[in-house]
Structures are given as C-alpha cells and as structure tokens.
1. In region 1-20, which residues are assigned to a strand (DSSP E or B) and open to solvent by 90 Å² or more (accessible area, probe 1.4 Å)?
2. With the requirement that a residue be part of a loop (DSSP other than H, G, I, E, B) and open to solvent by 20 Å² or more (accessible area, probe 1.4 Å), what does region 61-79 give you?
3. List the helices (runs of 4 or more DSSP H) inside region 87-162, counting only whole elements, that have at least 2 residues being open to solvent by less than 90 Å² (accessible area, probe 1.4 Å), closer than 22 Å to R39 by Cα and at pLDDT 95 or above.
4. Could you look through region 3-57, keep only residues that are among the aliphatic types (A, V, I, L, M) and out of contact with any Cys (no Cβ under 6 Å at 6 or more places or on another chain), and pick out the one that is nearest to G112 (Cα to Cα)?
5. Got a sec? Which of S23, S82 is part of a loop (DSSP other than H, G, I, E, B) and either among the small types (G, A, S) or in contact (Cβ under 8 Å) with a residue 60 or more places away in the chain (or both)?
6. May I ask you to list the residues in region 41-60 that are within 24 Å of A71 (Cβ to Cβ) and either touching a Lys or Arg at 6+ places or on another chain (Cβ under 7 Å) or open to solvent by 70 Å² or more (accessible area, probe 1.4 Å) (or both)?
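The values are calculated or read from the model by the stated rules, or taken from the named source; none is laboratory data. Since the model is a prediction, treat every value here as computed from it, not as a measurement. As a convention, Cβ positions derive from the backbone with ideal geometry for all residues, glycine included, and neighbour counts pool all protein chains shown. All accessible areas refer to the heavy atoms of the entire protein, side chains included, with ligands and DNA or RNA removed. Shrake-Rupley method; radii C 1.70, N 1.55, O 1.52, S 1.80 Å.
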Amino acid sequence: MWRDEDNIRINPTEYVDIEDFPSPTVPGNAPTVPDESMRGCPFDCKFCSFPAASPKWRYKSAEKIRDDWIAYAERNGCDVISAMDSTFTIPPTRLRRLLEILPDSGVPRWEGFSRANTINSVQLVAGLEASHCFQLHIGFEDPRRPRHAADGRPVRRRVRRS
C-alpha cells in the first residue's frame with residue numbers, strides 16, 4: 001500500500017513458493033537458529049492477524065526442513081532450532097514425514113509450537129522425542145470464558161486428562 005498524491009494505491013498480492021525459494025542464511029556462529037517453515041495459517045480465527053496478513057497458507061516440505069536444519073548445524077554450529085511457526089505440527093502428513101526422516105538425519109535438537117489437539121497419542125510423543133524435539137509449546141484456551149465464542153475460537157467442553 002502506498003500513496004500517489006491524493007490516491008491510495010494497493011499493489012497486487014504475489015506469493016513466493018517457499019519450497020523453491022532459497023531459505024534464509026544466518027551469518028557466523030549461531031548456537032540457536034529461529035526458523036519458519038510456513039506462511040499463513042489453515043485456520044480462520046477471528047482474533048488472529050494471520051488471515052489478513054497472509055491469507056494463503058503454504059509450507060515447506062519435511063525434506064526441505066530437514067535439509068535447512070542440517071545446513072544450519074553444519075554452517076553455523078547450531079545446537080538448537082527454534083521452529084517459530086505457531087502451528088508447526090500441522091499438516092499431519094508433513095509431521096508424520098518429519099518423524100520418519102529426522103531421527104537419524106543429523107539435525108540438531110529442536111523446539112516448536114503446537115495446537116493441543118494435534119498431540120494425540122503416546123506414539124506421536126515418542127516420535128517427537130526420537131526426532132530430537134526437546135520442547136513443545138502448547139497453547140490452551142479456557143472453555144469457561146465466554147469471549148472465546150465471540151472471537152470465533154472453537155470451544156470444546158470436554159477436556160481429557162493425560
């Protein structure tokens with residue numbers, strides 16, 4: 001968006017194919033490297049800015065993530081990858097593929113963010129640990145708070161105990 005005298009102009013939106021686009025490089029030694037593997041979000045929560053900022057959801061493949069993380073370890077001496085995506089554990093097909101290819105790949109330890117409903121089995125937790133995930137940040141909503149419905153947040157009254 002920009003101003004041309006008294007007129008407001010809006011450039012057309014163009015999306016980069018993040019699978020084919022080169023991943024960011026980090027100069028020098030970096031013990032921890034932040035990494036994003038997606039743009040946008042598949043959810044359309046009214047309280048979130050993602051749908052407005054980047055309405056088209058797109059993400060890197062499991063293989064590109066693995067290759068990027070290995071490159072950060074080799075080039076930068078990276079010991080920890082901080083996966084900054086707010087929903088790193090989706091789509092589930094990509095997560096399953098990551099859990100297959102990361103354990104013996106030489107990737108550093110990593111941490112990420114997840115929705116609570118995607119961590120749904122003991123086997124999945126074991127796979128995360130085997131893939132060198134040492135920490136997963138999980139957001140929870142309080143279903144007793146009435147504002148969630150007004151914000152368009154999905155509310156489930158059933159809470160399972162682990």
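1. Here is the first cut: in region 1-20, the residues assigned to a strand (DSSP E or B) are 2-4, 7-9.
Selection gives W2, R3, I8, R9.
2. The initial filter retains those residues of region 61-79 that are part of a loop (DSSP other than H, G, I, E, B), namely 61, 77-79.
If the condition is that a residue be part of a loop (DSSP other than H, G, I, E, B) and open to solvent by 20 Å² or more (accessible area, probe 1.4 Å), then S61, G77, D79 are the ones that fit.
3. Numbers: elements: 92-101, 122-130, 147-151.
Correct list: 92-101.
4. M38
5. Values: S82 fails: part of a loop (DSSP other than H, G, I, E, B).
Exactly one of S23, S82 is part of a loop (DSSP other than H, G, I, E, B) and either among the small types (G, A, S) or in contact (Cβ under 8 Å) with a residue 60 or more places away in the chain (or both), namely S23.
6. Residues of region 41-60 within 24 Å of A71 (Cβ to Cβ): 58-60.
Within region 41-60, R58, Y59 qualify.
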